[in-house]
Amino acid sequence: MSNSYFLAIDTSNYTTSAALYCPESRQMLSETLLLPVKQGEKGLRQSDAVFLHTKQLSEILCPLIRGKKISAVGASIKPRNQEGSYMPCFLVGENTAKSIAAALDVPFYAFSHQEGHIAAALFGAGRLDLWDEKILAFHVSGGTTESVIKTEDGRIEILGGTADISAGQLIDRAGVMMGLDFPCGKQIEKLALNSTYTQKIKISNKNGFINLSGFENKAKELYFQSADKEKVASFVIECIVQGLEHLTLAAIQKHGQLPIIYSGGVMSCKHIQQYFKEKYGGIFSPPQYSCDNAAGIAVLTQNQFKRR
């Protein structure tokens, strides 16, 4: 008898993603395609993202599902489990997933992009056992920087985050300002390896939320004063480390010592990982399960199917 698979689709504002998960073999087949962004641009309009997902999704989906026995289909349908959370780009994945499920006469399950990030990070770290436990989780990406508590029954409550721009936006805006290609995370990380920013950075923290937009202006000043890309990159990474430390300490102070999982593309930075692993015992996954992907949605789809 052939193995059964669980299909997942995630169409975020940055990446077209699809994944197939086979629980019998624990095999995860994951495919992603970045949405192309023109040189000098800092991101995409939602209308452009929807068009590009529509264009790209079949490229990764058709080869992935051909010949596979699919038991259920899942998709991320919104950024987070919060009233009013909505982005048009997720409609592409949602409607495609619903259509496939209907054609195959199998169940469809809906999740948030944030749930997918947390589940993917746990899968990549080999800690799916924590999904049914109370944990602290961080989702740090181009669109979101939030600390949350996930309860045993799967509910997610926001504890804190950024009040203005996300950590990923700070990285991308600083990178584009220096002429780097969007998204700029890997290039900023590489540049930062050759410099260490040692000056004190003041982080404003109000009711669990921090502000990062002021550091975008500081990064511009540093660059125009020195033209030193490595120094600016190191400064940006250090701002994020210190900002996330504020959020981590606030979460621990409120809920005590719980397992802490860090997810999202920004958290694939090795320097950031090392800092929070050593100081807070943070749990991290390989980059392919930290950046935007559909693997977490595939795992959650299988979980929901089991509970029918």
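The values are calculated or read from the model by the stated rules, or taken from the named source; none is laboratory data. Keep in mind that this is a model prediction, so the values were computed, not measured. We place every Cβ from the backbone using ideal geometry, glycine too, and count neighbours over all the protein chains shown.
Just a few scattered comments:
- Each residue in segment 30-60 was checked for being over 18 Å from Asn95 (Cβ atoms), in a loop (DSSP other than H, G, I, E, B) and aliphatic (A, V, I, L, M), and 2 of them qualify.
- From Lys229, Lys206, Lys186, residue being over 28 Å from Asp129 (Cα atoms) and either at pLDDT below 95 or touching a Ser or Thr at 6+ places or on another chain (Cβ under 6 Å) (or both): Lys206
- Residue check for Lys42: surrounded by fewer than 20 Cβ atoms within 10 Å (Cβ to Cβ), of a type in the set (Lys, Arg) and under 18 Å from Gly265 (Cα atoms): yes
Here's the yes/no breakdown for (1) buried (at least 17 other Cβ atoms within 10 Å of the Cβ); (2) within 25 Å of Asp132 (Cα to Cα); (3) modelled with pLDDT of 95 or more; (4) not small (Gly, Ala, Ser):
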residue: Leu212; (1), (2), (3), (4): yes, no, yes, yes
residue: Gln225; (1), (2), (3), (4): no, no, yes, yes
residue: Ile240; (1), (2), (3), (4): yes, no, yes, yes
residue: Gln302; (1), (2), (3), (4): yes, yes, yes, yes
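- Output for segment 1-29, where each listed residue is buried (at least 24 other Cβ atoms within 10 Å of the Cβ), of a type in the set (S, T, N, Q) and not in a strand (DSSP E or B): Ser12
- Count of residues meeting criterion [over 20 Å from Asp132 (Cβ atoms), surrounded by fewer than 17 Cβ atoms within 10 Å (Cβ to Cβ) and out of contact with any helix residue (DSSP H, G or I) (no Cβ under 9 Å at 6 or more places or on another chain)] in segment 250-281: 5
- Every residue from segment 61-79 that is surrounded by 14 or more Cβ atoms within 10 Å (Cβ to Cβ) and not basic (Lys, Arg): Leu61, Leu64, Ile65, Ile70, Ser71, Ala72, Val73, Gly74, Ala75, Ser76, Ile77, Pro79
- Pro287, sole failed condition from (1) surrounded by fewer than 20 Cβ atoms within 10 Å (Cβ to Cβ); (2) more than 15 Å from the chain's Cα centre (by Cα); (3) without any contact (Cβ under 8 Å) to a residue 40 or more places away in the chain: (2)
- So Ile171, is it part of a helix (DSSP H, G or I) and β-branched (Val, Ile, Thr): yes
- Candidates Thr301, Thr196 - the one that is in a helix (DSSP H, G or I) and polar (S, T, N, Q): Thr301
- Applying the condition of being within 20 Å of His117 (Cβ to Cβ) and not in a loop (DSSP other than H, G, I, E, B) to segment 251-264 and asking which residue is nearest to the chain's Cα centre (by Cα) yields Ser263.
- Considered as a group, the residues in segment 80-121 that are within 21 Å of the chain's Cα centre (by Cα) and of a type in the set (S, T, N, Q) include one that is surrounded by the most Cβ atoms within 10 Å (Cβ to Cβ), and that residue is Gln114.
- Count of residues meeting criterion [under 17 Å from Leu180 (Cα atoms), assigned to a helix (DSSP H, G or I) and either aliphatic (A, V, I, L, M) or in contact with a Gly (Cβ under 9 Å, 6 or more places away or on another chain) (or both)] in segment 201-242: 7
- Residue count for segment 172-214, restricted to those that are under 11 Å from Ser234 (Cβ atoms) and among the aromatic types (Phe, Trp, Tyr): 1
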